[in-house]
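Worksheet for the structure shown next.
The values are calculated or read from the model by the stated rules, or taken from the named source; none is laboratory data. Owing to the predicted nature of the structure, the values given are computational and were not obtained by experimental measurement. Methodologically, a virtual Cβ is constructed for each residue, glycine included, from the backbone with ideal geometry; neighbour enumeration extends over all protein chains shown. Side chains included, ligands, DNA and RNA excluded: accessible areas come from the protein's heavy atoms. Shrake-Rupley method; radii C 1.70, N 1.55, O 1.52, S 1.80 Å.
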Amino acid sequence: MTAAPSAAVDLDRARVAELIAREGAALNERTARSREMWERARRTLAGGVASSYQLREPWPIYLDHGEGQRVWDVDGNEYFDFHNGFGSMTQGHAHPVVTRAVEERAALGTHFAAPTEDGIVVAEELARRFRLPKWRYTNSGSEATMDAIRIARAHTGRDTVLKIFGSYHGHHDAVMVSIGVEYDRIGDRDDLASLPYGEGIPQPIVDLTVPVPFNDAAAMERRIERLRDEGRLPACLIMEAAMMNLGVVLPEPGYLEGVRELTARHGIVLIFDEVKTGLTVAAGGAVEHFGVVPDLVTLAKTLGAGLPSGAVGGTDEVMAGVEDGRVNQVGTFNGNPLTMAAARASLLEVLTPGAYGHLRRLNDRLLEGCGRVVDEYRLPGYAVGIGAKGCVTFSPVRVVDYETFKAHQDVELTELGWLWNMNRGIFATPGREEEWTLSVQHTDEAVDRYVAVFEELARELTR
Ligand SMILES: Cc1ncc(COP(=O)(O)O)c(C=O)c1O
């Protein structure tokens, strides 16, 4: 669901800055224990966190526990959780079915590095949901996309990787390219820049990855033809069918079908990175929702129900390299029994057809509520979402790719929206790019609270 931005009011920017300062100070005030913890943590943990994505100025909010649709921070502040572990906890926290499965498995031994039956059941269920017959496991989304690219390279005997400019696919070198780039460095639309995302990534690896704009099959076709003429046709295109990590950017009608046809025509392996969309936008992810079947799918996040997990699924042809041993798809913890027990219980007993109906209904309620507030107060933005995911994108025009995102996203309003939520019991992902993820344990109470808090902000901004 998506709405066109309405004719917006001119916001008083001094007022926005004032509110950011006020809300920031209030959040600092209520997170004193987090500050203490951060001061202790940074003596031994680099930056005081386990992953740079957990960083936040002036300090991160340290969590204590979660239950159902709620989390509590170390200061005892209670929140409805719309962050949900970067969209991993579609089951909600401490779901009794998952907890029971993990406890039962833990008592039987948690790791053998030998296959167990749960791993077969999970693969059978994934094959059914994603319409792809052959599967392997990893321990994270990054490992899944790394392995998928290797499988595609082996299948085609080619090296070049095509990706969508601005899309995040994990932290290995081949995909840490052309993300988070400043607007003036994006480059010409037909020749977008291949730029490393941070230091330590060798330029020759960066040069093997070629970005193209989202939602533009014609630009992709022109780029592929030029690469063909240069003798470096891509091995694969890795993409999200609906872009996450820029809020939510939906594919235009016909775009995915165009991409499917184009990649098939050039023998390019089409990888749908469903680390975020898989198991959240529908039971069978974007494959089911959009009805376009790629050659490979990557999963992680929601798959493990809160345990580290990942998977690569593919056609018999593309996965043949793994089966005949040409590609070494390996890992000590792949198919870990604890993860597989959690995934099995989650897929068969929690993420049921009824659960997806619940997620869709709640998300529609949330999107409609936010859309109404945007319209009524004529805010520069729109509500957009799919399945369990959505966001309010503060932008006077609809974002269709990274370029429009960078050109139009209202950074200050996005920052204010986050602080405002956190001070009113809505736990959301810090950062400009994220979207909300609902869980099966979310209720009308949580989404109505979200809308009420948003309306309070709208009133404050426009009075
Ligand atoms: C679309 C997408 N792919 C891959 C990844 C990497 O997953 P992980 O953080 O589990 O390595 C992410 C992480 O946010 C993601 O959003």
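Taking the residues in segment 41-79 that are among the basic types (Lys, Arg) and surrounded by 12 or more Cβ atoms within 10 Å (Cβ to Cβ) as candidates, determine which candidate is farthest from LEU438 (Cα to Cα). Steps first, answer last, please.
In the first step, residues of segment 41-79 are kept if they are among the basic types (Lys, Arg); the result is 42-43, 56, 70.
From what's left, surrounded by 12 or more Cβ atoms within 10 Å (Cβ to Cβ): 42, 56, 70.
Numbers: ARG42: 32, ARG56: 23, ARG70: 11 Å.
Out of the qualifying residues, it is ARG42.
With VAL327, VAL287, VAL293, VAL350 as the choices, which residue is under 17 Å from GLY385 (Cα atoms) and not hydroxyl-bearing (Ser, Thr, Tyr)? Steps first, please.
Working: VAL327 fails: under 17 Å from GLY385 (Cα atoms); VAL293 fails: under 17 Å from GLY385 (Cα atoms); VAL350 fails: under 17 Å from GLY385 (Cα atoms).
Just a single option satisfies the conditions, and that option is VAL287.
Considering MET239, MET220, which residue is more than 16 Å from the ligand (Cβ to nearest atom) and modelled with pLDDT of 95 or more? Full working, then the answer.
Numbers: MET239 fails: more than 16 Å from the ligand (Cβ to nearest atom).
The unique qualifying residue is MET220.
Under the condition of being outside any helix (DSSP H, G or I), of a type outside the set (A, V, I, L, M, F, W, C) and modelled with pLDDT of 95 or more, which residue from segment 1-45 is nearest to ARG360 (Cα to Cα)? Walk me through how you get there before you give the answer.
Taking segment 1-45 as the starting set, the residues that turn out to be outside any helix (DSSP H, G or I) are 1-12, 31, 42-45.
Next, from what is left, pick out any that are of a type outside the set (A, V, I, L, M, F, W, C): 2, 5-6, 10, 12, 31, 42-44.
If we keep only those that are modelled with pLDDT of 95 or more too, we end up with 31, 42-44.
Values: THR31: 33, ARG42: 41, ARG43: 44, THR44: 43 Å.
Looking at the filtered set, the residue picked out is THR31.
Can you name the residue in segment 292-312 that is more than 12 Å from the ligand (Cβ to nearest atom) and farther than 28 Å from ARG158 by Cα and is also surrounded by the most Cβ atoms within 10 Å (Cβ to Cβ) among such residues?
ALA305
Quick check on this structure: which one of VAL411, VAL440 is within 13 Å of PHE82 (Cα to Cα) and of a type outside the set (Lys, Arg)?
Numbers: VAL411 fails: within 13 Å of PHE82 (Cα to Cα).
From the options VAL411, VAL440, the qualifying one is VAL440.
Looking at (1) part of a helix (DSSP H, G or I); (2) open to solvent by 10 Å² or more (accessible area, probe 1.4 Å), find the lone condition where LEU416 falls short.
Result: LEU416 passes all but (2).
In segment 185-216, what count of residues is obtained for those that are surrounded by 16 or more Cβ atoms within 10 Å (Cβ to Cβ), within 16 Å of the ligand (Cβ to nearest atom) and more than 22 Å from VAL400 (Cα to Cα)? Spell out how you get there, then give the answer.
Our first condition is that a residue be surrounded by 16 or more Cβ atoms within 10 Å (Cβ to Cβ); within segment 185-216, this holds for 186-187, 192, 194-197, 201, 205-206, 208-216.
Narrowing the set further to residues that are within 16 Å of the ligand (Cβ to nearest atom) leaves 197, 201, 209, 211, 214.
Narrowing further to those that are more than 22 Å from VAL400 (Cα to Cα): 201.
Result for segment 185-216: 1.
Quick one: what pairs do we get from segment 157-184, first residue on the phi > 0 side of the Ramachandran plot and within 14 Å of the ligand (Cβ to nearest atom), second open to solvent by 50 Å² or more (accessible area, probe 1.4 Å) and part of a helix (DSSP H, G or I), C-beta under 9 Å, 6+ apart or different chains?
Close Cβ pairs (under 9 Å, with a partner that is open to solvent by 50 Å² or more (accessible area, probe 1.4 Å) and part of a helix (DSSP H, G or I)) amount to GLY166/GLU403; GLY170/GLU143; GLY170/MET146.
When you scan segment 260-288, how many residues do you find that are closer than 16 Å to LEU303 by Cβ and surrounded by fewer than 23 Cβ atoms within 10 Å (Cβ to Cβ)? Can you show your working first?
First, the residues of segment 260-288 that are closer than 16 Å to LEU303 by Cβ: 272-288.
Next, only the ones that are surrounded by fewer than 23 Cβ atoms within 10 Å (Cβ to Cβ) stay: 282-284, 288.
Counting residues in segment 260-288 that are closer than 16 Å to LEU303 by Cβ and surrounded by fewer than 23 Cβ atoms within 10 Å (Cβ to Cβ) gives 4.
I'd like to know if segment 380-396 contains one or more residues that are in a helix (DSSP H, G or I) and open to solvent by 10 Å² or more (accessible area, probe 1.4 Å). Spell out the reasoning first.
Here is the first cut: in segment 380-396, the residues in a helix (DSSP H, G or I) are none.
No, segment 380-396 contains no residue that is in a helix (DSSP H, G or I) and open to solvent by 10 Å² or more (accessible area, probe 1.4 Å).
Please name all residue pairs, on different chains or six or more residues apart, with Cβ atoms under 7 Å, provided the first residue is in segment 47-58 and is away from the ligand (no atom under 16 Å from the Cβ) and the second residue is open to solvent by 90 Å² or more (accessible area, probe 1.4 Å).
GLY48/ARG42
Restricting attention to segment 88-103, does a residue exist that is within 16 Å of the ligand (Cβ to nearest atom) and on the phi > 0 side of the Ramachandran plot? Show your work before the answer.
Quick first cut of segment 88-103, residues within 16 Å of the ligand (Cβ to nearest atom) only: 88-90.
Filter once more, so that each one left must be on the phi > 0 side of the Ramachandran plot: none.
Within segment 88-103, none of the residues are within 16 Å of the ligand (Cβ to nearest atom) and on the phi > 0 side of the Ramachandran plot.
If ARG326 passes every condition in (1) open to solvent by less than 20 Å² (accessible area, probe 1.4 Å); (2) farther than 26 Å from THR90 by Cα but one, which one does it miss?
Only one criterion is unmet by ARG326, namely (1).
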